[in-house]
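Some notes on the structure that comes next.
The values are calculated or read from the model by the stated rules, or taken from the named source; none is laboratory data. Every value quoted in this text rests on a predicted model; they were computed, and no experiment measured them. Cβ sites come from the backbone with ideal geometry, for glycine too, and all protein chains shown count toward neighbours.
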Amino acid sequence: MVPGGYFGQALVVDVAGESATGTPLQLDERVLRAYLGGVGLGTWLLHRLAPPLVDPLAPEAPLAFVFSPLVGTPLTTSAKFAVVAKSPLTGLLTDALASSQFAISGKLTGNDAIVIRGRADVLSVLLIASDGVRLVPAPELAGMGAAEAEETVRQAHGRGWRTAAIGPAGERGVRYATISHDGRHAGRGGLGAVLGAKNIKAVMVKAGTRVAVADAASVLAAAKDLRARSFGPATKKYRELGTLANLLAFNAVSTLPTRNFTSATFEGAPRLAAEELQEMRHVARNSCASCSIGCEHIYRRAGGGSQRMEYENVFALGPLCGVSDPDDVFAASARCDELGIDTISAGGTIAWAMECVERGLIDEPWLRFGDGTAVLRALDAIGERAPGLGELLAQGSRHAAGVVGGNSIDFAPQVKGLELPGYEPRTLQAMALGMAVNARGADHNRSGAYEADMSGAVDRLDGGEAHVEAAIGTEDRAAVMDSMILCKFLRGVFDDPFTEWAALLSSVTGWDIDAAELHSTAQRIVMAKRVFNQREGATAADDRLPARMLETPLEMASGRVASLTESRLQAMIDGYYAARGLDESGCADPADLDDLLLGQ
Amino acid sequence: MRIGARFVDVHQNAKAAGLVLAGGRSTRMGAPKASLEWHGSTLLHRAAALLGRVVDGPVVVVAAPGQSLPELPSAAEVVEDPVEGLGPMRGIATGLAAVADRASAAFVCSTDMPFLHPAFVSRVLREFAAADTDVVLPTARGFRQPLAAVYGTSLAGLIADLASEGELRPGMLFEHCRVTGIDDQQLLADSVLARFDPDLESVMNLNSPDEYEAARARPPAEVAVQCFGALATAGHRGPRTVRAATLGAAAEAVDVPLDQYVMAALNGDLMTRDPHLPLVAGDTVALLSADAGG
C-alpha cells in the first residue's frame, strides 16, 4: 500500500544516443518516510544512483527532479520541486528548489522523482509522460535563451506539457548554469550545466494520472487555514515589496555585502531599494503556481520591458559589483535569465574579478566596480565561455582563483565553491556558521541562521554557543520545509512548526507522524547530505569561510567594528560538530549510518 | 599603597563592564530611587539598560542586602553588598569583584542619573584604555564625579581593604592609586558628546522629589526613526524625528507596533524589540520586518 501523496517510485531515465528509456525504481515506504521528498529524497537518490567520485558532468552522473507528498494538494506554496545532483561548481551535493506547474505535472507523470542519466548524441528535448519517455532531437534550440526555448518547445509539442529548460550557459557548461521554467530558476550549484552535459535542452512533463491523499477533508481544511494565514502579517513583506525589501534594511544594519565584501553598506542602496522602485517602477505582482503569497514583484525597465527583481539578484549584480543604477541591474538580471546562470554566483564571481583587476591580478582594465556596462560585458563573456575572461569566470570564483593565483582565493567570496549570498557573515555570525558548515556551500536557503542574528536573540557580532544552536535549528527547519515541500516564505505563519508540519504530513500520507519524528527526519536529511559530501571527498577543511571574513574586520555604519576570527568560527564549528554527533573532523559516527537507510 | 596591576589588556581585547549602584537610603527623595518611574520603566532599569548599550562586558547592579529591586534588563546581573550602609565605595568594591574575571575595567554610575549619555560612558572608557591608570575620574559641572567614572577591576581588593579600615571616602582611594582626571573641556572634545550632551547633564543626579519631578517633566530626547520595507507606508519613507525616551515610545510615535513581525535596530547596530530600551539624543532607530528571508 503506497502512502497518500506518493506513487512509491522514481523513474530513472537513461538517455543514450537518440533514445531514452525509463525504468521504475521502487521506493520503499521506509525511505519515503525517512526522507519525505524534495531535497531529502533527492539526497537519498544521489547516494543510491551517483557512482562514487563521479564527474558531475559525466553522462553517468544522475540529475534528479524530485517532487514531494504535498505537491498537487491544495496546500499553498506546495507546487515545488527539488533538483538534486552533484555540483560542477562545488564537486559536492547541490540541490535547488523551484516552483511552478512543472512540479505538479512532473509528479503526475506517476513518479515521486525523475532521475536522468546518460547523454544524447545531439541537443535534444526529453519528454516524460505517464505512458513513457521520448527523446526528440532539437539542434535548432542551440544557443537559445531559456525562456525562448521553453516557448518554442511548448509550441512544438502542444498544450499540456510543462517545461524546464536551460539557456546557452547550461549548454556550454558554465558551472553555475541554472534550470529555468516559467521564468523561475533552479538556481544554485550549476544544475543547468549538468543537464547541458547530457545534451538535453529541455525536459517536458505531462500529467496523466492522479494521486490520492489519506484524508482529503483534513487536507482541504488545512489548506483553507493555511491560505488564510498566508494573507497575514507574517508574509506582508513578501506581498507588499518582495524580497527586495531586504536591501535598504540590510544596508541600515551593515549587512549588505558591497564591492566584493569590502564593505557592508552601499551608498547607492537607496536607488536600488524596493521602497523606491515600488513607487517609481512597479508594474505587477505575481505568484508561483499554487501560491497565495505572491512575492514576485515586476518592475518597469527604462526603454521598455519589465523584469522580476529579487533581493539576491539585485544585491549580487548591484552593490556587490558597486553598481547603483537600477537599469544596469535590471539589464544584468535579464541577461542572467536569458543565459540561464545563477545571479548570485555570477555577481560574486564578477565582483571577485573586479577586485582582481584593482589589485593587478587580472589585466582587464574595463572591468571596474561601479560600471554596469562592464557587468553586462562580463556576463556575455561568461555565457559564451569566451576565451580568456569568459572561460575563467565561467568556472566560478574558487576555480578562477586557482588559475589567477596570488592571494586571490583569500577574497574569493565562496564556501565549498559556492558564492556567498547577500548576508555579510561578519555582522551576522550565526549565519557565518550556517554558511560554513552547510552541505551545499555558502547558502541562505539551507541555513537561515540569519534569522537568529536579526532577531536580537543572539549577539550577531559575537558568535558563540547560542549561535550554534540557532544555526542547527534553522538548518533542521529548512531540511523539513525543503523536503515536504513548503515555501520558506510561509515559515512565519507557523507557531509550532514541527507539530504543525507533522499534522500536515499525517493528513496527506496517513502516517502517524509527530514533531519528534520530524525532528529526527530533519537531522537525518542533514546528516545524509554531509555523508554524501564526505563520500565525494569533503573534509572539515571545506567547512570554512574565505580568509577575508576571518582576517579583515569590518567597520559598521554605527562605528563599531565587526570581527569574526578564525578561532571564533572554529569554536562554533566544533560546537556544531558536537551537537550534530559528528567527530572532531566533522565525520559521522559509522553507527549512525544505519539510520540513513542507504542500503535500501 | 599603589595598585600593581596594569591594564594593558583593556586596550584592545579586554572587556569593560558596567556597574550600577542601586543601594543608598534615598533619604532626601523619600522613596527608593531605584524604583522611581521613568518613562514606563524605572530609573534603575534605565541606568542598567543604558550601560548595556555601551559596554561589551557584563552589567551588574549592586544592591543593598535584601533590597527589593524593580524589573531589570534581562542581561543585567545583581550582586548584593554584604554590608549595608557603608556607602558607594563598598558597593564599588563588591561590583568590581563580581566582574573582575570578565572585565578589566568598569564604568560605575548611580541609579539616579537619567540623562547619562552613552557617549559620556564611551568617552571615559576610551580615556581609560588610552591612559596608564587605575581610575579615570571626570570633573564635570564643577565637581569630581566618582559615580560617573571608570575603575580598574583589580582595585576591588584595595577598595575593600580601605573600607574595612573605615576609609569610606572616594578621596582616600584616589590617594592610593593612579588617577587620571578628565575635565569638561576634554570630555567635550568628543564631538558626539559635545553635540548631544553639551552641558554634560550625563552626570546630573536626582536627590529630591522636586529634582525628580523637574527631570521627569522634561520632554524626552529627539531621536530619528526610519521605517523600512513594508513598514514604510506611503509618505513615511525616510527618517522622522520624534521625542522618545524608549524604543517602545519611538515605535509608538510612528504607529508601528513592536510585535513579533517587527524588529528594531538601534543605531544600525543592536537588534532588539525591547520596548524599554532607553533612547538618548542622537539615536537612530530602524524599524524592519522581522523576516529577513531573501
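Can you work out which of the residues in the stretch A:223-238 that are of a type outside the set (V, I, T) and buried (at least 20 other Cβ atoms within 10 Å of the Cβ) is nearest to A:E312 (Cα to Cα)? Please lay out each step first, then the result.
First pass over the stretch A:223-238, keeping only residues of a type outside the set (V, I, T): A:223-234, A:236-238.
Right, trim to buried (at least 20 other Cβ atoms within 10 Å of the Cβ) and you get A:223, A:226, A:230, A:234, A:237-238.
Numbers: A:A223: 29, A:L226: 27, A:S230: 23, A:A234: 20, A:K237: 15, A:Y238: 14 Å.
Looking at the filtered set, the residue picked out is A:Y238.
In the list B:G294, B:G268, which residue meets the criterion of being touching a Gly at 6+ places or on another chain (Cβ under 8 Å), closer than 29 Å to A:Q278 by Cβ, facing chain A (nearest Cβ under 10 Å) and not in a strand (DSSP E or B)? Give the steps one after another, and end with the answer.
On the way: B:G268 fails: touching a Gly at 6+ places or on another chain (Cβ under 8 Å).
The match here is B:G294.
Suppose we filter A:V71, A:V54 for residues that are surrounded by fewer than 21 Cβ atoms within 10 Å (Cβ to Cβ), assigned to a loop (DSSP other than H, G, I, E, B) and of a type outside the set (K, R); which single one remains?
Only one candidate qualifies: A:V54.
Name the single residue, out of those in the stretch A:432-485 being surrounded by fewer than 24 Cβ atoms within 10 Å (Cβ to Cβ), of a type outside the set (A, V, I, L, M) and in contact with a Ser or Thr (Cβ under 7 Å, 6 or more places away or on another chain), that is farthest from the other protein chains (Cβ to nearest Cβ).
Among them, the one singled out is A:T474.
Quick check on A:A202: is it among the hydrophobic types (A, V, I, L, M, F, W, C), at negative phi and either touching a Gly at 6+ places or on another chain (Cβ under 6 Å) or modelled with pLDDT under 95 (or both)?
Values: among the hydrophobic types (A, V, I, L, M, F, W, C): yes; at negative phi: yes; either touching a Gly at 6+ places or on another chain (Cβ under 6 Å) or modelled with pLDDT under 95 (or both): no.
So A:A202 fails the test.
In the set A:A334, A:A381, A:A346, which member is in contact with a strand residue (DSSP E or B) (Cβ under 7 Å, 6 or more places away or on another chain), in contact (Cβ under 8 Å) with a residue 12 or more places away in the chain and either on the phi > 0 side of the Ramachandran plot or not in a loop (DSSP other than H, G, I, E, B) (or both)?
Among A:A334, A:A381, A:A346, only A:A334 is in contact with a strand residue (DSSP E or B) (Cβ under 7 Å, 6 or more places away or on another chain), in contact (Cβ under 8 Å) with a residue 12 or more places away in the chain and either on the phi > 0 side of the Ramachandran plot or not in a loop (DSSP other than H, G, I, E, B) (or both).
Please identify the pairs in which a residue from the stretch A:509-529 that is of a type in the set (G, A, S) has its Cβ atom under 6 Å from the Cβ atom of a residue that is crowded, with 17+ Cβ neighbours inside 10 Å and part of a helix (DSSP H, G or I), counting only partners at least 6 apart or on another chain.
A:A515/A:F498; A:A515/A:A502; A:A522/A:D476; A:A522/A:A479; A:A522/A:V480; A:A528/A:T43; A:A528/A:L596
Can you pull out the residues in the stretch A:380-424 that are surrounded by fewer than 24 Cβ atoms within 10 Å (Cβ to Cβ) and among the hydroxyl-bearing types (S, T, Y)?
The one that is surrounded by fewer than 24 Cβ atoms within 10 Å (Cβ to Cβ) and among the hydroxyl-bearing types (S, T, Y): A:S408.
Wholly within the stretch B:75-185, which strands (runs of 3 or more DSSP E) include no fewer than the required count, namely at least 2 residues that are in contact (Cβ under 8 Å) with a residue 60 or more places away in the chain?
Of the strands (runs of 3 or more DSSP E) lying wholly inside the stretch B:75-185, those with at least 2 residues that are in contact (Cβ under 8 Å) with a residue 60 or more places away in the chain span B:105-110, B:135-140, B:148-152.
Does the stretch A:534-580 hold any residues that are touching a Ser or Thr at 6+ places or on another chain (Cβ under 6 Å) and part of a loop (DSSP other than H, G, I, E, B), and which are they?
Within the stretch A:534-580, A:P553, A:M556, A:A557 meet the criteria.
Quick check on my filter: what residues within the stretch A:349-367 are without any contact (Cβ under 8 Å) to a residue 40 or more places away in the chain and in contact with a helix residue (DSSP H, G or I) (Cβ under 9 Å, 6 or more places away or on another chain)?
A:D363, A:E364, A:P365, A:W366, A:L367
Just to verify a result, which residue in the stretch B:223-236, among those that are at the interface with chain A (Cβ under 9 Å from one of its Cβ atoms) and assigned to a loop (DSSP other than H, G, I, E, B), is farthest from B:P114 (Cα to Cα)?
Filtering the stretch B:223-236 for residues that are at the interface with chain A (Cβ under 9 Å from one of its Cβ atoms) and assigned to a loop (DSSP other than H, G, I, E, B), the one farthest from B:P114 (Cα to Cα) comes out as B:A234.
Looking at the stretch B:88-102, which of the residues that are over 16 Å from the mean Cα position of the chain (by Cα) and of a type in the set (A, V, I, L, M) is modelled with the lowest pLDDT?
B:M89
Looking for something part of a loop (DSSP other than H, G, I, E, B), within 14 Å of chain B (Cβ to nearest Cβ) and surrounded by 17 or more Cβ atoms within 10 Å (Cβ to Cβ) - is there at least one such residue anywhere in the stretch A:502-513?
Going residue by residue through the stretch A:502-513, those that are part of a loop (DSSP other than H, G, I, E, B) are A:510-513.
The next check asks that each one be within 14 Å of chain B (Cβ to nearest Cβ); those that pass are none.
No: the stretch A:502-513 contains no residue that is part of a loop (DSSP other than H, G, I, E, B), within 14 Å of chain B (Cβ to nearest Cβ) and surrounded by 17 or more Cβ atoms within 10 Å (Cβ to Cβ).
Scan the stretch B:187-211 and report the pairs whose first residue is more than 26 Å from B:L36 (Cα to Cα) and whose second residue is of a type in the set (F, W, Y), with Cβ atoms within less than 9 Å and a gap of 6+ or a chain change.
B:L187/B:F120; B:D190/B:F120; B:L193/B:F120
Given the conditions (1) within 22 Å of A:Y238 (Cβ to Cβ); (2) part of a strand (DSSP E or B), and given that B:P257 satisfies all but one, which numbered condition is not satisfied?
(2)
So, A:E555, is that one within 14 Å of chain B (Cβ to nearest Cβ), acidic (D, E) and closer than 29 Å to A:S254 by Cα or not?
It is true that A:E555 is within 14 Å of chain B (Cβ to nearest Cβ), acidic (D, E) and closer than 29 Å to A:S254 by Cα.
When you go through (1) away from chain A (no Cβ under 14 Å); (2) surrounded by 17 or more Cβ atoms within 10 Å (Cβ to Cβ); (3) out of contact with any Cys (no Cβ under 8 Å at 6 or more places or on another chain) one by one for B:A214, which number turns out not to apply?
The single condition B:A214 does not satisfy is (2).
For A:V122, which of the numbered conditions (1) assigned to a loop (DSSP other than H, G, I, E, B); (2) in contact with a strand residue (DSSP E or B) (Cβ under 7 Å, 6 or more places away or on another chain); (3) surrounded by 22 or more Cβ atoms within 10 Å (Cβ to Cβ); (4) of a type outside the set (K, R) fails to hold?
That leaves (3) as the condition not met.
Just a yes or no: is a residue in the stretch B:237-259 of a type in the set (D, E), away from chain A (no Cβ under 14 Å) and in contact with a strand residue (DSSP E or B) (Cβ under 7 Å, 6 or more places away or on another chain)? Working first, answer last.
Narrowing the stretch B:237-259 to residues of a type in the set (D, E): B:252, B:255, B:259.
Next, from what is left, pick out any that are away from chain A (no Cβ under 14 Å): B:252, B:255.
Still in the running and in contact with a strand residue (DSSP E or B) (Cβ under 7 Å, 6 or more places away or on another chain): none.
Within the stretch B:237-259, not a single residue is of a type in the set (D, E), away from chain A (no Cβ under 14 Å) and in contact with a strand residue (DSSP E or B) (Cβ under 7 Å, 6 or more places away or on another chain).
Please verify whether the stretch A:129-138 includes one or more residues that are of a type in the set (D, E), without any contact (Cβ under 8 Å) to a residue 24 or more places away in the chain and outside any helix (DSSP H, G or I).
First, pick out the residues of the stretch A:129-138 that are of a type in the set (D, E): A:131.
Imposing the further condition that a residue be without any contact (Cβ under 8 Å) to a residue 24 or more places away in the chain reduces the set to none.
Checked against the condition, which is being of a type in the set (D, E), without any contact (Cβ under 8 Å) to a residue 24 or more places away in the chain and outside any helix (DSSP H, G or I), the stretch A:129-138 yields no hits at all.
From the list A:A289, A:A273, A:A269, A:A249, which residue is without any contact (Cβ under 8 Å) to a residue 60 or more places away in the chain, farther than 17 Å from A:F330 by Cα and under 25 Å from the mean Cα position of the chain (by Cα)?
On the way: A:A289 fails: without any contact (Cβ under 8 Å) to a residue 60 or more places away in the chain; A:A273 fails: farther than 17 Å from A:F330 by Cα; A:A269 fails: farther than 17 Å from A:F330 by Cα.
None of the others qualify; the one that does is A:A249.
Taking the stretch A:1-27 as the region of interest, how many residues are of a type in the set (D, E) and more than 27 Å from the chain's Cα centre (by Cα)? Lay out the reasoning, then the answer.
So in the stretch A:1-27, the residues of a type in the set (D, E) come out as A:14, A:18.
Then keep just the ones that are more than 27 Å from the chain's Cα centre (by Cα); that gives A:18.
Matching residues across the stretch A:1-27 total 1.
Tell me, which helices (runs of 4 or more DSSP H) lie completely within the stretch A:181-276 with 2 or more residues that are within 14 Å of chain B (Cβ to nearest Cβ)? Spell out how you get there, then give the answer.
On the way: elements: A:191-197, A:216-229, A:236-240, A:246-252, A:269-272.
Those helices (runs of 4 or more DSSP H) span A:236-240, A:246-252, A:269-272.
Give all pairs with beta carbons closer than 8 Å in which a residue from the stretch A:303-329 that is closer than 15 Å to A:M280 by Cβ and within 14 Å of another protein chain (Cβ to nearest Cβ) meets a residue that is part of a helix (DSSP H, G or I) and among the aromatic types (F, W, Y); count only pairs at least 6 apart in sequence or on separate chains.
Going by the 8 Å Cβ cut-off, the qualifying pairs are A:M309/A:F330.
For B:P198, work out the one condition from (1) within 14 Å of chain A (Cβ to nearest Cβ); (2) within 18 Å of the chain's Cα centre (by Cα) it doesn't fulfil.
Checking B:P198 against (1) within 14 Å of chain A (Cβ to nearest Cβ); (2) within 18 Å of the chain's Cα centre (by Cα), the one that fails is (1).
Would you be able to say whether some residue in the stretch B:276-290 is part of a loop (DSSP other than H, G, I, E, B), under 22 Å from A:K237 (Cβ atoms) and more than 11 Å from chain A (Cβ to nearest Cβ)?
No; the residues of the stretch B:276-290 include none that is part of a loop (DSSP other than H, G, I, E, B), under 22 Å from A:K237 (Cβ atoms) and more than 11 Å from chain A (Cβ to nearest Cβ).
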